[in-house]
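Asks: If you scroll down you'll find the structure; I have some questions about it.
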Amino acid sequence: MRIAIAQINPTLADFQFNKEKILDFIRQAQQRKCDLVVFPECALFGYHPFDLLERSKVVAKQEQELKSLLSKIPKDIGVIFGLITKNPKKMGRPYFNSAVFAAKGQKPRFFHKQLLPTGDVFDEARFIQPGDLSKNYFTWKGKKFFLTICEDIWGWPDKEGRSPYVVNPLAKVKKQKIDMVINLSASPYFVGKMKQREYVVSKTAQYFKAPMMYVNLVGAQDEIIFDGASFVIDKKGKKVLTCQSFEEDINVIDIDTMEVWNKTPKIDVTEELRRALVLGIRDFCAKTGMKKVHLGLSGGIDSAVVAALAVDALGPSNVTTIGLPGPFNAEKSLTLAKDLAKNLGVEFKVVEIGPMYDQVVKGLEKGIELKDFGLVHENLQARLRGLTLMAFSNKENSMLLTTGNKSEYASGYSTLYGDMCGGLAPLGDLTKAQVYALARYYNQQGEVIPEEIITRAPSAELRPNQKDQDSLPPYEDLDKSVAYLVERSGPAKTETDKWLLPVLMRTEFKRWQAPPILKVSPHSFGRGRRYPIAHKAKE
């Protein structure tokens with residue numbers, strides 16, 4: 001029996017588009033003489049709908065397209081895809097996170113997800129009623145399968161014996177002899193996530209003593225990136241098939257011979273990170289209808305990397321860069337920004353903020369008796385840059401990409417309504433070291449980012465001779481503390497930890513007002529971090 005993995009990138013609530021994509025991949029599976037084709041979790045609806053599920057008419061439109069899709073499934077091929085279905089009972093949550101098995105001439109069979117994730121970016125229990133895994137066996141063309149949906153396989157204790165679930169529902173399922181376990185997933189990407197997936201898939205395969213197919217969504221939804229990288233393992237836990245990462249793919253396995261259609265080469269961690277961010281930018285623009293982006297190009301490392309990523313995502317003709325020299329910018333900064341723009345093939349504009357700054361300072365000196373140079377003057381420059389960049393947004397219908405990184409956001413080293421302005425923060429979940437690693441990666445085949453941008457000391461250039469390290473610990477220490485305190489929530493141990501923790505706790509109000517931050521770590525700022533603003537906690 002040949003089974004196709006159809007790793008697709010659906011658009012949330014664009015049901016006709018998703019239906020046509022599913023039908024297209026069914027045809028591709030037919031051309032490869034497949035007996036069964038498996039799509040990811042919520043392939044018809046898109047994932048995750050969050051509070052769209054409050055809109056009953058949205059779900060009703062999906063039901064209409066479901067009927068149309070089922071009527072168009074061709075003969076001799078079984079199809080499995082994820083969707084949202086209504087809970088017919090008056091008690092419980094209104095919907096199920098479901099999968100349907102459909103074949104021409106057969107009544108569709110629905111399966112419902114039992115384990116509902118509520119950690120980090122997820123809160124499925126808000127709308128979704130748990131299903132019953134014990135009902136998830138089915139047969140097709142003489143083969144027997146067991147079907148699971150994403151979190152259903154994550155109840156196994158980890159290597160340290162920990163699990164967020166008191167009961168693992170898989171361990172309660174009465175085992176039967178089967179030919180394959182199937183899992184439909186929409187599993188968000190972060191660096192190192194694949195090892196966790198491989199662990200739970202292997203545990204499940206070993207439990208059922210059967211090979212297992214893991215079909216993951218690809219694409220980005222708001223700040224969440226789905227990397228695809230679907231795979232199949234044999235019953236001993238060895239990978240025998242892997243799909244492409246960060247792009248749509250179709251791959252085929254014969255479960256009798258375990259022969260696969262395509263071999264997929266591995267990619268290193270920096271290329272993986274680059275692809276994730278490029279997909280995040282591209283899909284955020286495509287799915288919100290934005291065709292062009294722009295950013296302030298300062299001659300610094302962060303804006304340089306954002307510019308390179310934006311060009312990879314949208315092409316140079318859709319990216320505009322803007323130099324915004326002020327009273328304390330070095331001439332070299334503007335020269336480096338121009339050189340980078342030339343290397344990338346993007347338009348570069350210059351708007352002097354000095355005259356605006358002088359006028360505003362004069363007005364404030366008169367109106368509120370502003371006197372000595374200080375934080376007000378520094379933040380004015382950042383906000384005038386933000387004002388200018390947002391004016392360009394309005395004029396050109398272009399989305400502003402903000403350039404701050406995770407280490408800066410954690411330290412509150414950012415200005416509300418200034419450098420935090422924007423529609424998307426591509427680097428907001430990267431430490432400074434990761435930003436430098438990407439810059440060096442871009443220069444592997446030749447200088448794209450001018451070397452001096454990489455080697456010069458970082459500076460916001462808001463006062464004479466300013467350097468980031470005037471206000472922050474060394475980045476090599478700060479990065480470690482950010483990863484430790486934000487991603488692991490550990491107690492402060494080092495001097496840098498002790499400096500950062502109180503700053504982190506009192507600057508949450510800024511991060512609440514940040515643009516969506518592309519998530520590439522286990523715990524990012526944004527939807528998955530629910531710290532209060534008003535509190536007295538200090539540890």
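Asks: Just to check I understand the Karplus step: with θ = phi - 60° and J = 6.51 cos²θ - 1.76 cosθ + 1.60, what whole-Hz values come out for segment 106-123, glycine and proline as x?
Replies: In residue order, the calculated couplings are 10, 5, x, 10, 10, 10, 10, 4, 9, 7, 10, x, 10, x, 6, 7, 9, 7 Hz.
Asks: Ignoring ligands, DNA and RNA, please state the percent of accessible area on segment 1-56 from carbon and sulfur, probe 1.4 Å.
Replies: 39 percent
Asks: Using only the alpha-carbon atoms, how far is helix 15-31 inclined from the longest principal axis of the chain? Give it as 0 to 90 degrees, nearest 10.
Replies: 60 degrees
Asks: Could you work out the relative contact order of segment 402-496, using alpha carbon pairs under 8 angstrom and six or more residues apart, expressed as a whole percent?
Replies: 25 percent
Asks: Sticking with this one: Roughly how many percent of the accessible protein surface of segment 271-325 is carbon and sulfur, given a 1.4 Å probe and a whole-percent answer?
Replies: 51 percent
Asks: Hey, what did the chain get for relative contact order, percent, Cα under 8 Å, at least 6 apart?
Replies: 11 percent
Asks: Next question, about the same structure. Multiply the residue separation of residue 70 and residue 369 by 0.36 nm, subtract the distance between their alpha-carbon atoms, and state the gained length in nm to one decimal.
Replies: Full extension of this stretch gives 100.5 nm more.
Asks: Sticking with this structure for a sec: Relative to the longest principal axis of the chain, what angle (0 to 90°, nearest 10) does the C-alpha long axis of helix 331-344 take?
Replies: Helix 331-344 sits at roughly 30 degrees to that axis.
Asks: Over segment 113-164, what percent of the accessible surface lies on carbon and sulfur atoms, probe 1.4 Å?
Replies: 48 percent
Asks: Could you give the length gained by full extension between residue 349 and residue 440, i.e. 0.36 nm per residue of separation minus their alpha carbon distance, to one decimal place?
Replies: 30.2 nm
Asks: Follow-up question, since we're still on this one. Roll a 1.4 Å probe over the protein chains and send me the accessible area per residue for segment 1-81 in Å².
Replies: 40 Å²
Asks: Next question. When the Karplus curve 6.51 cos²θ - 1.76 cosθ + 1.60 is applied with θ = phi - 60°, which whole-Hz ³J(HN,Hα) does each residue of segment 302-308 get, with x for Gly and Pro?
Replies: Once θ is set to phi - 60°, the couplings for segment 302-308 become 5, 5, 5, 5, 4, 4, 5 Hz.
Asks: If I stretch the segment between residue 417 and residue 288 completely, what's the gain in nm (0.36 nm per residue apart, minus their alpha carbon distance), one decimal?
Replies: 44.2 nm
Asks: Mind sorting out which of [x] 71, 60, 55; [y] 82, 48, 45; [z] 70, 60, 42 is the real Cα extents along the principal axes in Å computed from the coordinates?
Replies: Structure-derived value, by its label: [y].
Asks: Moving to a separate point now. Which ³J(HN,Hα) values in Hz, rounded to whole numbers, follow from the phi angles of segment 139-145 under the Karplus curve 6.51 cos²θ - 1.76 cosθ + 1.60, where θ = phi - 60° and Gly and Pro get x?
Replies: Karplus values, whole Hz, x for Gly and Pro: 10, 8, 6, x, 10, 10, 10.
Asks: Still on this model: Can you give me the long-range amide H partners of residue 297? Hydrogens built in the peptide plane at 1.01 Å from N, cutoff under 5 Å, separation of 5 or more residues or another chain.
Replies: 322, 323, 324
Asks: When you count, for each residue, the other Cβ atoms within 10 Å and take the mean per peptide, how do 423-434, 89-100 rank with the highest first?
Replies: With the highest mean Cβ count within 10 Å placed first, the list reads 423-434, 89-100.
Asks: Related question: Please calculate how many Å² of accessible area segment 238-353 carries per residue, with a 1.4 Å probe and no DNA, RNA or ligand atoms counted.
Replies: Computed with neighbouring chains in place, this is 43 Å² per residue.
Asks: Based solely on its DSSP helices, what 222 nm [θ] is calculated for the chain when runs of n ≥ 4 H residues each add -39,500 (n - 2.57) and the sum is averaged over all residues, nearest 500 deg cm²/dmol?
Replies: My calculation for the chain gives -10500 deg cm²/dmol from helical runs alone.
Asks: Can you list residues from other chains, or at least 5 along the same chain, whose modelled amide H is less than 5 Å from the amide H of residue 400?
Replies: 294, 423
Asks: For the peptides 402-410, 137-145, 313-321, what is the packing order when you average, over each peptide's residues, the other Cβ atoms within 10 Å and list the highest mean first?
Replies: Descending mean neighbour count gives 402-410, 313-321, 137-145.
Asks: Probe of 1.4 angstrom, ligands and nucleic acids ignored: what's the accessible area per residue over segment 90-204, in square angstrom?
Replies: 48 Å²
Asks: Can you tell me the orientation of helix 432-442 relative to the chain, as the angle in degrees between its alpha-carbon axis and the longest Cα principal axis, to the nearest 10?
Replies: The helix 432-442 is inclined about 80 degrees to the chain.
Asks: Name the residues whose placed amide hydrogens come within less than 5 Å of the amide hydrogen of residue 225, ignoring near sequence neighbours (fewer than 5 apart) on the same chain.
Replies: Here the answer is 189, 519, since their amide H atoms fall under 5 Å of that of residue 225.
The values are calculated or read from the model by the stated rules, or taken from the named source; none is laboratory data. All values derive from a computational prediction rather than experimental measurement. Because the Cβ atoms are built from the backbone with ideal geometry, glycine has one as well, and the counts that use them run over all protein chains shown. Surface areas here come from the heavy atoms of the whole protein model, side chains and all, with no ligands, DNA or RNA. Shrake-Rupley method; radii C 1.70, N 1.55, O 1.52, S 1.80 Å.
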